[in-house]
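The values are calculated or read from the model by the stated rules, or taken from the named source; none is laboratory data. Every value quoted in this text rests on a predicted model; they were computed, and no experiment measured them. Every residue, glycine as well, gets a Cβ built from its backbone with ideal geometry; the counts of neighbours run over all protein chains shown. Please note that ligands, DNA and RNA were not included when accessible areas were found on the heavy atoms of the full protein model with its side chains. Shrake-Rupley method; radii C 1.70, N 1.55, O 1.52, S 1.80 Å.
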Amino acid sequence: MTQKICLDDSYAKECSAKITKVSEGKFVVLGKTIFYAHGGGQPSDTGKIICNNKEYKVVFAKQFGDEISHEVSEHGLKEGDKVKCVLDWEKRYKHMRMHTSAHILAAVINMEIGALITGNQLGEEESRMDFNVPEFDRELLKTFEHKANEAIQKGLEITIAYEEREKALQRSELFRLKDVLPKNIPVLRIVSIGALDVQADGGTHVHNTKEIGKLKITDFKNKGAENRRIYWKLD
Ligand SMILES: [Zn+2]
């Protein structure tokens, strides 16, 4: 099992760890890690693993069962090695700002028109989210943008808590992503943004909404009769 440091401390940029398994010479499992594994619309972290003063680039991280596999760019690491992990922090921090901004935007849109999310993809420069609505007009998009920025500027604190699955499942407001409930997880991680939003979520977030900066909705598209896609960027 890999301990996921980023779930409780998203600002950890480095950690020491021990290699518990290596497959095909380049898929490395660690006892604990700071790397976020690709999933939930948030891209994998990148960075490096350092062993005996040699650096191995981490190009991708993915979760299999309760282990996180780190794909490195060259062979040489082996089971039992003690290593140091270093994140590509600039990229991760952009993902954190984007992820928290996505929750704020989704909360605002849900409050305004009751829409749920049907898909999402966060990026470093631009992100997108799909909603189960037949129509958005430009005036409505301006309202979403304005209200999201109002919330961001309030400097709301983001907090993490854990709740037993059975109890959490009774609170439908925790699951804004339509038709997607986490499977086989006995305890759910709950991310709160001040009193604005509370969601069951496995992503990495900033501590305070002021870190996000300014949100700008850049585009929207039709994605089917009952689906609309919104694109946004952060300044
Ligand atoms: Zn999320």
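Here are a few things to note about the model shown:
- Counting only protein heavy atoms and a 1.4 Å probe, the chain has 51 square angstrom of accessible area per residue.
- Size of electric dipole in segment 84-235: Cβ of Lys, Arg +1 and of Asp, Glu -1, about Cα centre, debye, nearest 20: 260 debye
- Entry note, the chain: the mean residue ellipticity at 222 nm calculated from DSSP H runs of n ≥ 4, each adding -39500 (n - 2.57), is -6500 deg cm²/dmol after division by the residues and rounding to the nearest 500.
- Leading residue at positive end of dipole, the chain (Cβ point charges), from I230, T159, A61: A61
- Within the accessible surface of segment 1-157, defined with a 1.4 Å probe on protein heavy atoms only, the carbon and sulfur portion equals 47 percent.
- 0 to 90° range, to nearest 10: angle between helix 89-113 axis and the chain longest Cα axis: 30 degrees
- Degrees between helix 138-153 axis and first principal axis of the chain (Cα, 0 to 90, nearest 10): 50 degrees
- Mean Cβ neighbour count within 10 Å, used as a protection proxy, ranking 149-155, 183-189, 110-116 highest first: 149-155, 110-116, 183-189
- Two-decimal Rg to Rh for segment 149-214 - Kirkwood Rh, Cα set: 1.01
- Net charge dipole, segment 114-181: roughly 200 debye, given to the nearest 20, about the Cα centre with Cβ charges of +1 for Lys and Arg and -1 for Asp and Glu.
- Tensor-based shape of segment 1-107 (alpha-carbon gyration tensor, a/c under 1.5 rounded, otherwise prolate or oblate): prolate
- Cα-based Rg / Dmax (Å) for the chain: 18.8, 58
- For the peptides 156-166, 10-20, the ranking by packing is 10-20, 156-166, with the highest mean count of neighbouring Cβ atoms within 10 Å listed first.
- Partners for K84 among lysines (Cα-Cα distance below 17 Å; same-chain residues under 8 apart left out): K4, K13, K18, K21, K26, K32, K48, K54, K57
- Each Cα pair under 8 Å and six or more residues apart adds its sequence gap; the mean of these over the residue count of the chain is a relative contact order of 19 percent.
- Each peptide in 23-35, 97-109, 218-230 was scored by the mean count of other Cβ atoms within 10 Å over its residues; highest first, the order is 97-109, 23-35, 218-230.
- For segment 119-235, the square roots of the Cα gyration tensor eigenvalues, ordered a ≥ b ≥ c, give a/c of at least 1.5 with a/b no greater than b/c, which places it in the oblate category.
- Across the options V72, S101, T20, the greatest Cα extent toward the positive end of the charge dipole of segment 1-149 (unit charges at beta carbon of Lys, Arg, Asp, Glu) belongs to T20.
- Prolate/oblate/rounded label for segment 73-182 (Cα gyration tensor, a/c 1.5): prolate
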